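Trainee: Take a look at this one; I'll ask things after.
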Amino acid sequence: MALPQPDTPKVRILGVDDWSWKKGRRYGTILVDLERRKIIDLLPDRSAATFAAWLRAHPEVEIISRDRGTDYAAAAREAAPQVIQIADRFHLVRNLADVLELLLARCRAEIRRAGQAVSPEQMPPPEEAPRSLPQTWKQQPPRKMEQAYQARQAQREDRFQQVLAWHAQGMTQADIAKRVGLSERTIRTWLKQGSLPSYRRPHRRSMFDPYAAYVLSRWEAGVHDGKQLFEEIRAKGFKGSERTVGRFLPKTPPID
């Protein structure tokens, strides 16, 4: 215990990631010298301030390999603007896998029909966009979240059509479940309902709800300026932000 700490060589290429002191409760930061492939330090938390303080004490760092978290990136920009930030190999592969998962889910039906010629008469007609109503006007979800939902919904719909086809051919529910990778209980529920269950979360009450009818009427009258609509309902007592109003506004004018 009385021996001095060994001198740590200066680190040029630093790997940073979080790790768990106690999973789900307390996390720290692990720092690795990627050239020597050795752990050089453990930080007590994974906050940007703690990592920034460590970087200020080690100005020799030239390259940081990190995950996709924003805290480490912000700390590096603040305390070590000279470094080059790169994504580690694990997260590069993870990024690719996430994109491919959504792409393949969205194109699942097209991939299965790749060898089958489909005439325009066989294509289902496009669905008409529903008219917005004050009592059903919902927040517009983030674009990435909506794309992920649409992709997975397309995957579920194609899988549901497979289930119906195999059931019509006389295949047992147990065999269908094995083929599509779902539980037999799920297959039984789908067949009993006769339609694909909706996985959308129900609309929750919002401070915007009392003003939805007014904003919708103004929107249909041609007022599509979110800032103007925000100012109008704020004069009527709305306590939320302009950003909150923007989440409810349609991307395009409602269809008459």
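Trainee: Can you list residue pairs whose Cβ atoms sit under 9 Å apart, with the first residue in the stretch 20-37 being in contact (Cβ under 8 Å) with a residue 60 or more places away in the chain and in the same structural domain as residue 66 (by TED's automatic domain parsing) and the second being surrounded by 13 or more Cβ atoms within 10 Å (Cβ to Cβ) and in a loop (DSSP other than H, G, I, E, B)? Count only pairs 6 or more apart in sequence or on different chains.
Mentor: Final answer for the pair search is none.
Trainee: Turning to a different aspect of this structure: Mind telling me which of the residues 205, 247 ends up being of a type in the set (D, E, K, R), surrounded by 15 or more Cβ atoms within 10 Å (Cβ to Cβ) and either assigned by TED's automatic domain parsing to the domain that holds residue 153 or modelled with pLDDT under 80 (or both)?
Mentor: Going through 205, 247 in turn, just one is of a type in the set (D, E, K, R), surrounded by 15 or more Cβ atoms within 10 Å (Cβ to Cβ) and either assigned by TED's automatic domain parsing to the domain that holds residue 153 or modelled with pLDDT under 80 (or both): 247.
Trainee: Has the stretch 75-87 got any residue that is touching a residue at least 60 places away in the same chain (Cβ under 8 Å) and among the small types (Gly, Ala, Ser)?
Mentor: Looking for residues that are touching a residue at least 60 places away in the same chain (Cβ under 8 Å) and among the small types (Gly, Ala, Ser), one finds none in the stretch 75-87, hence no.
Trainee: Can you tell me which residue among 98, 158, 175 is of a type in the set (Asp, Glu), over 27 Å from the mean Cα position of the chain (by Cα) and at pLDDT 55 or above?
Mentor: 175
Trainee: Within the stretch 138-148, identify whether any single residue is assigned by TED's automatic domain parsing to the domain that holds residue 99, crowded, with 16+ Cβ neighbours inside 10 Å, at pLDDT below 80 and assigned to a helix (DSSP H, G or I), and answer yes or no.
Mentor: Yes.
The values are calculated or read from the model by the stated rules, or taken from the named source; none is laboratory data. Keep in mind that this is a model prediction, so the values were computed, not measured. Note that each Cβ is placed from the backbone with ideal geometry, even for glycine, and that neighbours are counted across all protein chains shown.
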